[in-house]
1. Can you pick out the pairs among Lys75/Lys95; Lys87/Lys285; Lys96/Lys156; Lys116/Lys210 whose Cα atoms lie more than 23 Å from each other?
2. Roughly what angle does helix 164-201 make with the longest principal axis of the chain, taking Cα atoms, 0 to 90 degrees, to the nearest 10?
3. Restricting to DSSP loop positions (anything but H, G, I, E, B) with no more than 11 other Cβ atoms inside 10 Å of their own Cβ, which GluC sites (Glu not before Pro) remain in the stretch 283-329?
4. Using a 1.4 Å probe on the protein heavy atoms, what percent of the accessible area of the chain belongs to carbon and sulfur?
5. Round to the nearest 10 and give me the degree value, 0 to 90, for the angle of helix 221-230's Cα axis relative to the longest principal axis of the chain.
6. If you rank Val282, Val170 by how much accessible surface each has, with a 1.4 Å probe, what is the order from largest down?
7. How far apart, in nm, are two points set 7 Å out from the Cα along the Cα-to-Cβ line at Ser158 and at Thr326?
8. Any idea what angle helix 119-133 forms with the longest principal axis of the chain, computed on alpha-carbon atoms, 0 to 90 degrees, nearest 10?
Amino acid sequence: MALHSLAVRGFRNLGDTALELSPQLTLLVGHNGQGKTNALEAIHVAMTGASFRSASDQEMVGWSRDFAAVTAVLKSPPSGLVTLTHKVTKLPPHKKHEGQIFPVVIFSPDDVQLSKGSPKGRRRFLDWLLASVDPRYLRLYRQYHRALLQRNRVIKDSRLWPTLPDFTQVLSESGLYLWQRRREILTQIVPGTREIFAQLTGLTLDCALKEGGSPGGITTVTAYQDLLEARRSDERLHQTTLVGPHRDDLTLTINQVAAADYASQGQHRAIALSLKLASYHVLEKETGLMPLVLLDDVLSELDPQKRSRLLTFIASSNPQTIVTDTEARNFENLEPWIYTVDQGLFTRRV
């Protein structure tokens, strides 16, 4: 399965256009602000139904445009072509994705925040990985957060306290599944992450799930509800739910020292690179498909050792890869298709 072509209409600053992608390596070259990252976002949206950078779908609609539409055509031997479409309208706010979801791994300069940023970013990494391989996880994740929102409203209003058990039941059932799957996915990704990090730095990286408001290891709905009951007075004092996956964190330590507090910038990048490369192999194993790899202006951010590790991965694993950069760099023995990006328009170099 490979992305053959992409067509966009009304998407951010991109001109209404269509372009073909190399089955191996496509390079999008241009100055900053010309639309390179927007192109990767359009690809990501078409393949997964979601943006990797925007909290609001309507932000993807271009200035003075009423809607944005992205169509991706994938080659799927021997059956032929698979078409994916994603459309977002401004008014009324609406989005529609047609076609299945395909695995994508995205590297960007913002990935350094995985280890130095807030717990929310690390939870988002786990959620992205699990949603890519487990449709039930995504469904229960949404159910959990709807129940969490309603339960927090109840906690804040004493007149509604009698209804608290109803929301606690839904919260604990869906939340337990999130905890179980997060534990399971970590057992798959941690060994590869540790190995890659050691190759890059010669240091030892440890990753563990710190379960929000819990001592860890909750395995039944009853135990989950007992934990919530034990914190009820504290919840009323703080007016929020204090136990659950919404408060989880992924703790990262280098040689048993907290990475968030003491890691260098290079080590933060090595953590992000290790997590993403390890997640690629997990996605490939779980889905049976080779994930599409998107590299957004990361080569210039990496030191020679990490850049070489990433390029070696591309050359050896041979995933279909799309790279943005301000210049056409050396890609080992690979011969990329190169597009110049200027003010949202794409010109193929011959």
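1. Exceeds cut-off: Lys75/Lys95; Lys87/Lys285; Lys96/Lys156.
2. Between the helix axis and the principal axis of the chain, the angle is about 50 degrees.
3. Loop-located and lightly packed - Glu327.
4. Working: 8320 of 16660 Å².
That share works out to 50 percent.
5. 60
6. Heavy-atom accessible area, descending, gives Val170, Val282.
7. A separation of 6.0 nm, rounded to one decimal place.
8. Tilt of helix 119-133: around 70 degrees.
The values are calculated or read from the model by the stated rules, or taken from the named source; none is laboratory data. Computed from a prediction, not measured in an experiment: that's the story for all the values here. Quick reminder, even Gly has a Cβ in these numbers, built from the backbone with ideal geometry, and neighbours come from all protein chains shown. Ligands, DNA and RNA are excluded from the accessible area calculation, which covers all protein heavy atoms including side chains. Shrake-Rupley method; radii C 1.70, N 1.55, O 1.52, S 1.80 Å.
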